[in-house]
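First the structure, in the form of structure tokens, and then the observations on it.
The values are calculated or read from the model by the stated rules, or taken from the named source; none is laboratory data. Keep in mind the model is a prediction, meaning the values are calculated, not measured. The accessibility values were calculated without ligands, DNA or RNA, using every heavy atom of the protein model including side chains. Shrake-Rupley method; radii C 1.70, N 1.55, O 1.52, S 1.80 Å.
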Amino acid sequence: MKIRYPLSALIAVSLHASACLLHGAEPGDENPEGGTVVRIQDVWKMVYVADQRNYDQMIGMLEGIIKADEKSTDALTAGFLIGRIEVDRAEADAGGSYDKARKAFESLSAKNGKTWQGQFARLALLSILQNEGRHDLVISEGRKAIEEIDWDLLGKNQPPDLVELGKLNKQEERLTPDVVRVLVATSHIQLGQKKEAEEWISKIESEALKSELRQALGQ
């Protein structure tokens, strides 16, 4: 059983973005110097709602947002989205590497670890480790993440910009420690450690996730 990239599952795709985002229509406000202003919301919809695969175009848009104001909240979100896009690119290529995605997430987590973007990046790094089959690291790093991540920031006390982004794809769920519990339990399953897997499954609050993992465990 392989559970890939929990952020793409928990930040669910439930809408189809307008095709105008990739066909010359103006997604943002008018730029006084001509053209349009790219907003972080536009690229978020391209990634999470439309599930676009025009990787270089989207990364170019995000790099423009970062260049405009490197210290802004939008720049941090752009950094996270670059990592997410590189994950998609790696997984679309049978021989793809997560190196670029890892670099983006590690930078964000190291420099801005207390922001929601930095904490999302930390979760993404755990998922990359699992997708690479590095299960011992998923288990050891996952134990730390559950204790150290500010789950209120990702859940009931989400900042306004994250709430707004979630509404773009009708995301009502809030991230909880179940995200990490699933990863750790799955890694134990992959390692054939049934007792340890069941211990972690028992801690999961979502009954649906518990059921899915117990089926994978052969129960």
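Multiply the residue gap between Lys111 and Gln57 by 0.36 nm, knock off their C-alpha separation, and tell me the result in nm, one decimal place. Could the numbers behind the result be given before it?
Working: separation 54, 0.36 × 54 = 19.44 nm, distance 2.56 nm.
Full extension of this stretch gives 16.9 nm more.
Annotated for the range 158-216: lysine pairs at least 8 residues apart or interchain, Cα distance under 20 Å, count 4.
Global dimensions of the range 61-219 from alpha-carbon coordinates: Rg and Dmax equal 16.4, 53 Å. Taking the square roots of five times each eigenvalue of the Cα gyration tensor of the range 140-219, the equivalent ellipsoid has semi-axes of 28, 15, 9 Å, listed largest first.
The solvent-accessible area of Met61, taken with every protein chain present and a 1.4 Å probe, is close to 30 Å².
So which of Lys67/Lys111; Lys71/Lys156; Lys111/Lys144; Lys67/Lys103 end up more than 20 Å apart by C-alpha? Checking Cα-Cα distances, Lys71/Lys156 exceed 20 Å.
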